[in-house]
Every structure is written in structure tokens, then in C-alpha cells.
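K.L.:
Handing you a structure now.
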Amino acid sequence: MSDRITPDDVVKVARLARLSLGDDELAVATSELRAMLEHFADIDALDLDDVEPMTHPVPIDNVMRNDVPAPTLDRDEVLAAAPDAADGRFQVPPIIGLED
Amino acid sequence: MSDIAPPTLDLRAATIAVRVRAGELSAAQVVDDYLAAIDAHETDVHAFNLVLTDEARARAAAVDDAVAAGDDVGPLAGVPVALKDNMCTRGVPTTCSSKILEGWRPPYDATIVDRLRDAGAVVIGKTNLDEFAMGSSTENSAFGRTNNPLDVTRVPGGSSGGSAASVAAGFAPLALGSDTGGSIRQPAALCGVVGVKPTYGAVSRLGLVAFASSLDQIGPFAHDVADAALVLEAISGHDPGDSTSIDQGPLELTTVLEHGVDGMRIGRITDLPEGADPDVVERVDQAFAALADAGATIIDVSVPAFGYGLTAYYLIAPAEASSNLARYDGVRFGMRAEAPDTNAMYIATRTEGFGAEVKRRIMLGTYALSAGYYDAYYGRALKVRRRIAQDFAAAYAQVDALVMPASPSVAFRAGDKTADPMSMYLCDTYTIPANLTGEPAMSVPFGTGADGLPVGVQIITPALHDARMFQVAAELERRAPAS
Amino acid sequence: MHPVASLAVVTDTTTADHAAPWEHEGYEMVVGLEVHVELDTATKLFSASPHRFGDEPNTNIDPVTLGLPGALPVLNRAAVEQAMRLGMALNCTIQRSTFARKNYFYPDMPKAYQISQYDEPICVDGWLDIADGSRIEIERAHLEEDTGKSTHVGGAGGRIHGSEHSLIDFNRAGIPLVEIVSRPDMRSPEQAREYVSELRAILIAVGASDAKMEEGSMRVDANVSVRRPGAELGTRCEIKNLNSVRSVGRAIDYEARRQVAMLDVGDAVRQETRHWDENDGRTHTLRSKEDADDYRYFLEPDLVVVDPDAAWIDSVRASLPMLPAARRQQLAAAVGMEPDSEAVRVVVDRGQDNYVLAVGAADGDAARAIVHVKEAYAEAGDVPPVPAGDLAELTKMETAGEITATQAKEILTVLVDNDGGDPRAIAADKGFEAMDTSELEAMVDAAIEAQPDAWAKFCAGEKKAAGALVGAVMKASKGQADGKAVNILLNQKRTQ
């Protein structure tokens, strides 16, 4: 973690997150993230070779439900809350610039 | 002087419920009294994003009708409850204090909303928070900050600042918040009320707008430990709709409140990170003395990895958040910015809709998960999490509970920490580990510190031992200094 | 000028010999297939919305399906069981598994992440034997949720290009899928086609999916690369939009030739995803892998580990039906044919093998029965209406020589048209009688006498000359003579 985060890294990350940054914002974001990552470098010192990652605080397993249909949402209520809709569907501008 | 007068309604939630059920007190009267308090002082506090005047009155009337009909209206009959505005309330705006969800009405209720209703409670309003629960002062709200009712130039803490303030200001006897890194306990400490984060999985997260899924928990704010126990009993218990919910019935807490701490072993962590102000340290020391007086043994323990919790949290939480917040894309609900194509629409919507702190954390989290960096950041943080849990487990071999500060300082002034994000993050130093481990933790008011502002003492116990934690809390409450 | 443009459109390779390996300009192809299968369940993978087709858009939706704030996934037990069945049928090990988030933005992806399985899939290390005897290894099979469907308005042919806007239907979002990933063990388009066909038969047999490529309940992507035999693996391209078994073969053949053509002129193959166009018979660039999103996989915190215990695994295993390969073995043994013979394959494919066995069990001739079933039962389904006993009777009459082959077919038609009947009664109705052997021989002698030229040619070795003689006998017997018996007699007389 002694690598510093570069403006290029921040641009890439912003792109992945679908956020845009002006030049000033890019500089600020880079320095802020850099400062944080420097602080976070403290965990580099730990010896964690024998430690398993912990993703869940409590060990539960095999939570499943029966394959039985339940009531669905009312389409009108849902589409009324949508930014744009037509023909019972959600409407979006042309889908370009994204993966298929 | 900008201080708010103490709550005019002195009744505890438990008392209200008993009297409403007995027909001695009308729910309508209760809700009107609280609405009047809100009316009088809300402009100074700004605890709420939305006060549900009509809905609350209607619900209160329904409770009164049920009582008249001889129905059992539940353990929270007629009690007004304020809900943090990141809990879905059907047909009622749920904004997470973000522009991107401004005006959004969920088509469903969170499980805890259903349970509150079943218990006879009356939801009185949706409270302000740091946007998407990211913050420690409620200054990150897109709709303006909340002021600490005890001193309106100061913050109430965060992210559940509105809920904490609503109880402290006497706007409701109970409130619910969410705690991911301390967002219930820290504001509780700063506002001088009780705040509880139960064992992870004890309360359903279904309908809680996710910030960091493996850390988020819903919990209560109340004036006293008994009220907090009452509402937690009503909302806890297995929910098949939440796969991370523990397969157990509701927590049983009220029965242990009078048991005291005689014979219990209370841990004082010797390698706790520094940073707590002297006034806070002094009160915590007094708390240990009080518990010793009550028959507990104070034992020094080491939790060597405690201090690494901040780093682990600020890699794990933003990583999960970066994924949880990706759904805010303008397609199906919420704000949408005009754009010529979908990709541009995503970018414009999210750039305009999210505030600075949210964007900061999304970028940090995205970076921590990204190809080439996962192992060094997110992956490593998960190991640190395990190490911290192991250290806590080792400590519990020697003690039954741990006591420490909730917040490093009393309520700070608005604007004090907004220039430097790291300085704000340090507010969570003592609260974070219990989120990482999933253990229950709560803050209990214990005297005052600088400028007469309240100090909160934090108690942590092993997972599923919430009752034991309440047992210690009740004792501390009994022995809290008068001021 | 890039030589690819001059590449001939590939002709149909269905008639190619199974056993011949694919080879072009000294290169061999290396193919792996990723098959997505829609599981047959009543509800979605992570929510209880109905799993149904053809409903009005956005009527099978719930907070989880739409990715609404606060929604949480809950795993469908039936989907897990289907994945186990499917995995066992493919000889996989069923293991403890976890779910992961695959993060990317697309309007039909409601959460902007897909819940899938990454590090620990539910099924690993299986295999599937195909018709030419090869074993294709299966690396893994895992559960994941499907996306919604988008339609594009205003562009040519409903494509995104030039569209004014798009409309999203989330009915399909959240439907359970299993992705089956083979190892790159295939070496020809035929092998790929056989793999897909056999996989399909297995999926249907265990009831995991109806696996209809045309309807999208089975989707095949092919990873194709080429190399000189013995060399390291070449750069591969992923081919999408394969909507039939035939397309799989055609597209793979085209793509391999395309890559060879590039390598032959010193160009490097670029790793990319390509789209197969059925109409022009070519693959086209869809996107280059360099532009691909970083999916930032991490363990799904809203779900817990799935660790089926031995009791569950055993009960699933015990509930598996006999698989197509075993059924072919069984039928082949009963009828005296090879397991990969066309009759055996077709009859098992249709699910009519038990019927043929039942004919044998009713003392009928299973070998004759399978021929009849193959030819006459195309529409009969897996529970043919004609009682097995009736067909058994028919075959007994044939074996005993009581009727000719032609007569048997006529009787069979009546049986099929009437969902059964008494073959002897039908024969009597039609006036079919067994022809006496001496009567037949007399007619044969008469035909030889009447056509000495044809007889001479036949004796000289012209087999075709027999036709005129047989025809004469058939005419004389008014069609009652058994053509085979006539030929046997002719041959006997020739050698006398």
C-alpha cells in the first residue's frame, strides 16, 4: 500500500463508478484519497498470513426459502415512481457507451 | 441563549404504553403533545426531514379505537417513534437525506416498520441523517444539518443525528437509527441519550437502505435503558426476508435490568487507541469505579488489533457501499438527470445526485475492490477484521463485558471537522470494532464533560449476549453522576 | 487488404464424419463452451416473484427484482436442488458454495450488480461423453440470476444503433440460471454440436430445464482459438448469439477459419467478444476485451454459505432418473444395435425407449419395434398412445412370417391412427394372408420364365435386374408377396 493513488487511478475509479470529476475536483479527490490511503497503510505492518478473511460477523449457513410464489408489486404504483415509463416498461435514453 | 428546554413530556415509553393500554391515556393526546413539542422547537433543531402529522394522528386514533374495542394493542401502544429516513415507509418519502432519492416513495414497508405497527407504536416522522448514513455529524445531509438540542451551535453526531436529536429534544420518546460504524452510539453519546446497536442479525435489515451490508444494524434511541430494551424486544427476532438475520426469537432484555453486576468481570482495554479527550476519559474511569462499587471486578485486557479497526472499516464499508449505491442510476426510481444516452445519464445523475462524502466513499470503495488492488485493500481489510474478532474473543475469555468511551469527545461545533474527512472518521475510533465483529454495543449517558455536554460510556459484550450488555448498562444508568 | 473479407461463407458441415478431426491450413481448433440454462422453478432465484413466460411486462416484480433500496435476496431452495441435479448428471462434485457480486452498469441489471458464484461454485470437475466417444470435461457449473430484457425503439431492426430510446421489462430479471463451463476440450464443430445436444438431453431428462435454444432457456457462447498441433493455446475469442445447434457448428467453423486466415498473413488474433450473424454467416466484433469492465467481484454480504449436507446430496442423487447415455445403453442392448446408432439416439431423445422395452417385455420383437417406432412415432410423444401390447402383437406376426414388411407398415398406420387395435383383426380386414412358400416359388419361376433377359442379366451379376422380376411377382401376388423373400429365392436360384 505504499503506492500512491494517481490522478489516472482516480479517473479510472470515477469511470467505474459513473461519476464525473472536473479538473479541480480530480486534484482534490486525488489528494484526499491519497491522505486516507496513507493513513490506512497501518495495516501493512500486521502479519496476517494465517488469518482467514471475515466477511460475515456471525456464522450462519443454508438460509433458503421454499419455491412458492408470493404477491408481486403493483406495476402502476412502481411505474408511477419511475423517472420515465411507456408501454408498461421503464424508459431510458439510447443505451450506448455501455457493454451489451 | 440557544439551548433547548428539556422535554416537556416526562413520561417514558414504557409508561405511555401501559397507560394507553389501560385506557388511562389516549394515544391521540400523546401524539398531539409530541407534535406540539415539534412545532415549538423543530426550527431550531431540524431533527426531521418529514413530520407525519396526519399519518400519526390517524394511527393514534386507530390505536385508541382498538383499545376501546378491547384488543391487545401491543407493548408500544400509542408510543410515538421517530424513524431515521433510511428506513422504507410505504407511500411515505424515504430520502436517505440525499437529492438522488428526494421525494421517492417506497412501495413497501421495512420489516421494523411492520413490527412497530404490530406493537402499537405511532411513527411520528422521518429523521435527518448524514447522506446514505455516511458521516458522524449529520452535516452531510443534502437537506441541511441537524443541531444538537443541548447546544444548537454543535452537532448531534451522526449519521443518525436526527433520531438522536428527536429524543433529546423531546420530539418523541423513542427513535430508531442505524449503526454501521457507530452511527447510533456516537450521536447517542453526543446528545445524552441511550443508543443501542444490537448483535448483527438480531434486527432485520429488510427495508433498511443499505450502506454496508455486513456492518449495518438498526437500533433504538431512548431516554433510558428500560425504554431501549422495550423497543428492541418489539423489533428484534428472525425475519425470513433477511438471509443474515439470526434464527432466534426476539431478544429478551427487560428481565435482566434489575440484576446488577455483582460478580461480573468488566474489561478495561489497556491498548485502546489514544485520542479520547480528558473529560471523556475521566467519566469512563468513573464508570469503571461505579461498576466496581456495584460488585464487579475490573480486569485489564489487551485487544492489540483494536486500533486497526478504523482502517479495516474504511476499506470494507466504502467497498460494500460502492456496490450498494450503484443501483442509484436514474433508471427505475429517484432522480434522473437529462442526458442523450444511458451512460451519460448515469454519470450526470450520480454526479449531481450524490454529495461529496458519498462520492468520496464510493471512489475509495471502488478503488479498494478494483483489479490489482483487491488483495492489498479490501482483501487485507477482511483479514484484519478476523484478527480483531480473534482479539476480542480472547479478551472475553477473561471478562464478561468491555467498557470504553463511545465518542472521543463531547459534541463538537458544526464545521469543526468538515474540512478534513480523516478528522471526521476518527470520531468512530471506539465504535467501529463492534460493527466489524458483529457484537452488541450500546452507549449510556454518564455525566457531562467539557461545556457541560453529555458523555456516553460504551459497553460491548459477546455476540448474542445483548441481555448481559443491558444488565451492565442498567447498573451504569443507576449510578450515573447527576450532571 | 484483409483476407478475412474474402473468406468464403461456410457451408453446412452436418454431413461431416464424426471421427475426422477438424484441420485447416495445418491448424487445429480449440473450443470451450459456456452454456447458460434457465432452471425450471416456480419462482425467481432470490425472490418469490413468479417465474413465468409471456406475462405482461413488469408484472412479475418485487423490491428484490427491481433492486429497490432496502431490498434483500433470499435463496430459492428448488433452484439449488436443480443445480445439484444438473451437476450430478454431469458427474460433478457438489461442494460448499458462496455467492459473489459481479458489478457493472446496464439498464437491464437492476442492482448494477449481478449475484453470481465466483470463487466457490456449487458444482465442479464434471464431464460429459459425446457421440464420438470423446469425454468433454466440465470445469464448473454455478448459479446466477438473469437480467431483465430491453427493447430498442427507433433504430433499424430494433437494434441499439440509431435508437431513440429503450424500454426495459424486468419480468426476466432474477430468473435462476446455471452457467455450465466446459474445459477447452473440443476440437471440431461436430464435437461442439454433440456436446450441446447431449447436454440438452441431460437437462431435459433430469427436469432441470426445458433447454430450448430458440426460446432462450439455453444460451450457448463459444470460446474459440486455433493453434498448430502441440503448440500452446492461441488467443481466444468469445462468440455470442448462437441460437441453434446448427449455428454452434457453423459459427465455430467460421471463426476458426477466420483466425487461421489472420495468422497465416502474420496478423495476431485480438482477444475479443464477437457476435455471430446467422444471415451473413460471419462473426463480427462486439467489444474488445481491453474495454471490458473490472467487475470487482466480492463475496455477497447479503447471502450466506450454501453447504448441502450428505443427506440432501444423497436424496437428490437417489431421485435422478436414468440419464440419456444409460438409456441408450439399455435400449441398444435390448434391440441389438449400437448405442450411438441413429435409431437408438432418436428413440431415446423422444423418450420412447421405455415403450420399446415394454414391447419386448410383452414378448414382442424389440428390434423390429424400434424400427417402427423410429419411423412412425415422431409425433407420439414420450407416452405413445398405441398400447405396447398391440405393437408387440404386430412384431410377432412379422417374425412368424405371417405378413410382409409392407403389410406390417400398413397395419401400423391403422394402429397409430386409432391409438391402438388388434393387428390380426386389421390384417384380416385388409385381406392380408400369409403367402405359402411354394405358391411364392411358383410365381418366381413364372416371372423368370416370362423375362429371360432380366434373368440373364441378374445371373450375370446385375443386381438391378432383379427389380423387374420382383415387380412381376408383386404384381402377380397383388402385393401380398414379401419382397425380401422373393429376393432370397432369386438369389438361391441363381446359385443353384
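Computed from the coordinates by the stated procedures, all read-outs in this text should not be read as laboratory data. Here the structure is a predicted model, which is why all the values come from computation and not from measurement. Virtual Cβ from ideal backbone geometry, glycine too; neighbours counted across all protein chains shown.
K.L.:
Taking the Cα atoms of the range C:171-227, what is the range of coordinates along each of the three principal axes, in descending order and whole Å?
P.N.:
43, 24, 19
K.L.:
Next question, about the same structure. List the Cys residues of chain C that have no partner Cys with a C-beta closer than 4.7 Å.
P.N.:
Cysteines lacking a close Cβ partner in chain C: C:Cys237, C:Cys459.
K.L.:
Which value at 222 nm does chain A reach when only helices count, each DSSP H run of 4 or more adding -39,500 (n - 2.57), with the total divided by all residues and rounded to the nearest 500 deg cm²/dmol? Write down the numbers at each step before the final one.
P.N.:
On the way: 3 runs with 34 residues, N = 100.
The per-residue figure over chain A is -10500 deg cm²/dmol.
K.L.:
Another one. Return an integer: the convex hull volume of the alpha-carbon atoms of the range C:397-473, in Å³ per residue.
P.N.:
109
K.L.:
So, one more: Beyond 15 Å, how much of the Cα-Cα pair distribution for the range B:377-462 remains, as a whole percent?
P.N.:
More than 15 Å apart: 66 percent of the Cα pairs in the range B:377-462.
K.L.:
At q = 0.12, 0.17 Å⁻¹, what log₁₀ I(q)/I(0) does a Debye calculation on the Cα points of the range C:267-405 give, no solvent, two decimals?
P.N.:
Scattering profile of the range C:267-405, log10 relative to I(0): -0.73, -0.89.
K.L.:
Name the long-range amide H neighbours of B:Met264: under 5 Å, sequence gap of 5 or more, or other chain; modelled H, no Pro or chain starts.
P.N.:
For B:Met264, the qualifying residues are B:Thr297.
K.L.:
Please give the direction-averaged projected area of the C-alpha convex hull for the range C:344-395, in square nanometres with one decimal.
P.N.:
2.8
K.L.:
Quick check: pseudo-label points 7 Å beyond the Cα along Cα→Cβ at B:Ala289 and B:Asp451, how many nm apart are they?
P.N.:
2.6
K.L.:
Just need the relative contact order of the range B:7-255 here, percent rounded to a whole number, with Cα pairs under 8 Å and 6+ apart.
P.N.:
So the answer I get is 18 percent.
K.L.:
Could you tell me the convex hull volume per residue, in Å³, taken over the Cα atoms of the range B:7-255?
P.N.:
108
K.L.:
Which log10 I(q)/I(0) values does the protein assembly as shown give at q = 0.05, 0.06, 0.09, 0.10 Å⁻¹ under the Debye formula, counting every alpha carbon as one identical point scatterer?
P.N.:
So the normalised log intensities are -0.43, -0.58, -1.04, -1.21.
K.L.:
Sticking with this structure for a sec: Tell me, what HN-Hα J-couplings in whole Hz come from the Karplus equation 6.51 cos²θ - 1.76 cosθ + 1.60 at θ = phi - 60° for each residue of the range B:447-464, using x for Gly and Pro?
P.N.:
Residue by residue, the range B:447-464 yields x, 10, x, 3, 6, x, 8, x, 10, x, 9, 9, 10, 10, 10, x, 3, 6 Hz.
K.L.:
Please state the equivalent ellipsoid semi-axes for the range B:198-283: what are the square roots of 5 times the Cα gyration tensor eigenvalues, largest first, in whole Å?
P.N.:
Working from the Cα gyration tensor, I get semi-axes of 28, 20, 13 Å.
K.L.:
Oh, and also: For the range A:1-87, build the charge dipole from Cβ charges (+1 Lys, Arg; -1 Asp, Glu) around the Cα centre, then report which of A:Leu21, A:Ile5, A:Leu46 sits farthest towards its positive end.
P.N.:
The listed residue farthest towards the positive side: A:Leu21.
K.L.:
What value, in deg cm²/dmol to 500, does the helix sum -39500 (n - 2.57) over DSSP H runs of n ≥ 4 give at 222 nm once divided by the residues of chain C?
P.N.:
On the way: 16 runs with 184 residues, N = 496.
Calculated mean residue ellipticity at 222 nm is -11500 deg cm²/dmol.
K.L.:
Cα atoms only, the range C:324-430: Rg and Dmax in Å?
P.N.:
Answer for the range C:324-430, Rg first and Dmax second: 12.9, 42 Å.
K.L.:
Can you list the equivalent-ellipsoid semi-axes of the range C:437-495, largest first and in whole Å, using the square root of 5 times each Cα gyration tensor eigenvalue? Let's see the in-between values first.
P.N.:
Details: eigenvalues 57, 25, 20 Å².
After diagonalising the Cα gyration tensor, the semi-axes are 17, 11, 10 Å.
K.L.:
Going by alpha carbons, how many degrees (0 to 90, nearest 10) lie between the helix axis of A:23-40 and the longest principal axis of chain A?
P.N.:
Value to nearest ten degrees: 70.
K.L.:
Semi-axes of the equivalent ellipsoid for the range B:1-85, please: Cα gyration tensor eigenvalues, times 5, square-rooted, ordered largest first, whole Å. Present the calculation step by step, with values, prior to reporting the outcome.
P.N.:
Working: eigenvalues 129, 39, 20 Å².
Listed largest to smallest, the semi-axes of the range B:1-85 are 25, 14, 10 Å.
K.L.:
Give me the dipole magnitude in Debye, nearest 20, for the protein assembly as shown about the Cα centre, with unit charges on the beta carbon: positive for Lys and Arg, negative for Asp and Glu.
P.N.:
For the protein assembly as shown, the charge dipole is close to 960 debye.
K.L.:
Check chain B and count each lysine pair with an alpha-carbon distance under 29 angstrom, considering only pairs eight or more places apart or from different chains.
P.N.:
17
K.L.:
So, one more: Name the residue from B:Gly135, B:Ala40, B:Pro80 whose Cα lies farthest towards the positive end of the charge dipole of the range B:27-178, charges +1 on Cβ of Lys and Arg and -1 on Cβ of Asp and Glu.
P.N.:
Sorting the options by dipole projection puts first B:Gly135.
K.L.:
Calculate one ³J(HN,Hα) per residue across the range B:292-299 by plugging θ = phi - 60° into the Karplus curve 6.51 cos²θ - 1.76 cosθ + 1.60, and present them in order as whole Hz with x for glycine and proline.
P.N.:
4, 4, 7, x, 7, 9, 8, 10
K.L.:
What is the calculated FRET efficiency for A:Asp44 to C:Arg183, with r their C-beta to C-beta distance and R₀ = 51 Å, to the nearest 0.05?
P.N.:
After rounding to 0.05, the efficiency reads 0.85.
K.L.:
Among C:Lys409, C:Lys240, rank each residue by its count of other Cβ atoms within 10 Å, from fewest to most, as a rough exposure measure.
P.N.:
Ascending number of Cβ neighbours within 10 Å: C:Lys409, C:Lys240.
K.L.:
Convex hull over the Cα atoms of the range B:76-215, averaged projected area in nm²?
P.N.:
Numbers: hull surface 29.7 nm².
It is 7.4 nm².
K.L.:
How big is the C-alpha Rg of chain A next to the rule-of-thumb value 2.2 N^0.38 Å, as a ratio?
P.N.:
Here the answer is 1.78, to two decimals.
K.L.:
What nm value, rounded to one decimal, do you get for the distance between C:Ser477 and C:Asp267 when each label is placed 7 Å out toward the C-beta?
P.N.:
According to this spin-label approximation, the distance is 6.6 nm.
K.L.:
Among C:Val335, C:Ala376, C:Val416, pick out the residue whose Cα is farthest towards the positive end of the charge dipole of the range C:324-430, where Lys and Arg carry +1 and Asp and Glu carry -1 on C-beta, about the Cα centre.
P.N.:
Farthest towards the positive end: C:Val335.
K.L.:
Okay, moving on. Can you put B:Ser137, B:Ser178, C:Ser244, B:Ser409 in order, fewest other beta carbons within 10 Å first?
P.N.:
Details: B:Ser137 30, B:Ser178 26, C:Ser244 14, B:Ser409 21.
The fewest-first ordering by Cβ neighbours comes to C:Ser244, B:Ser409, B:Ser178, B:Ser137.
K.L.:
Continuing with the same structure: Explain nothing, just compute: Karplus ³J(HN,Hα) = 6.51 cos²θ - 1.76 cosθ + 1.60, θ = phi - 60°, for every residue of the range C:93-107 in order, whole Hz, x for Gly and Pro.
P.N.:
Once θ is set to phi - 60°, the couplings for the range C:93-107 become 8, 8, 10, 4, 9, 10, 9, 9, 9, 10, 8, 7, 9, 6, x Hz.
K.L.:
Taking Cα atoms of chain B, Rg/Rh with Kirkwood Rh, to two decimals? Present the calculation step by step, with values, prior to reporting the outcome.
P.N.:
Details: Rg = 21.1 Å, Rh = 22.1 Å.
Checking Rg against Rh, the ratio lands at 0.95.
K.L.:
Next question. Size of the dipole of chain B about the Cα centre, Lys and Arg at +1 and Asp and Glu at -1 on the beta carbon, nothing else charged, in debye to 20?
P.N.:
1180
K.L.:
Of A:Ala17, A:Ala80, A:Ala29, which has the largest mean-square fluctuation in a 10 Å C-alpha GNM of chain A?
P.N.:
A:Ala80
K.L.:
Taking the Cβ of C:Asn171 as the centre, find all other residues whose Cβ is under 9 Å away and add up their charges (Lys, Arg: +1; Asp, Glu: -1).
P.N.:
Neighbour charge sum, excluding C:Asn171 itself: 0.
K.L.:
May I pose another question? Would you mind calculating the relative contact order of chain C from Cα pairs under 8 angstrom and at least 6 residues apart, reporting the percent as a whole number?
P.N.:
Across chain C, relative contact order equals 14 percent.
K.L.:
Round to the nearest 0.05 the FRET efficiency obtained for C:Trp312 and C:Val383 when R0 = 30 Å and r is the Cβ-Cβ distance.
P.N.:
Given R0 = 30 Å and the Cβ-Cβ separation, E is 0.45.
K.L.:
If you line up the long axis of helix A:7-16 against the longest principal axis of chain A, both from Cα atoms, how many degrees apart are they, to the nearest 10?
P.N.:
20
K.L.:
Shifting gears a bit: Please arrange C:Cys459, B:Cys96 by counting, for each residue, the other beta carbons lying within 10 Å of its beta carbon, fewest first. The partial results should precede the final answer.
P.N.:
Values: C:Cys459 14, B:Cys96 32.
Ordered from fewest to most neighbouring Cβ atoms within 10 Å, C:Cys459, B:Cys96 come out as C:Cys459, B:Cys96.
K.L.:
Relative contact order of the range C:437-495: what whole-number percent is it, with Cα pairs under 8 angstrom and at least 6 residues apart?
P.N.:
It rounds to 35 percent for the range C:437-495.
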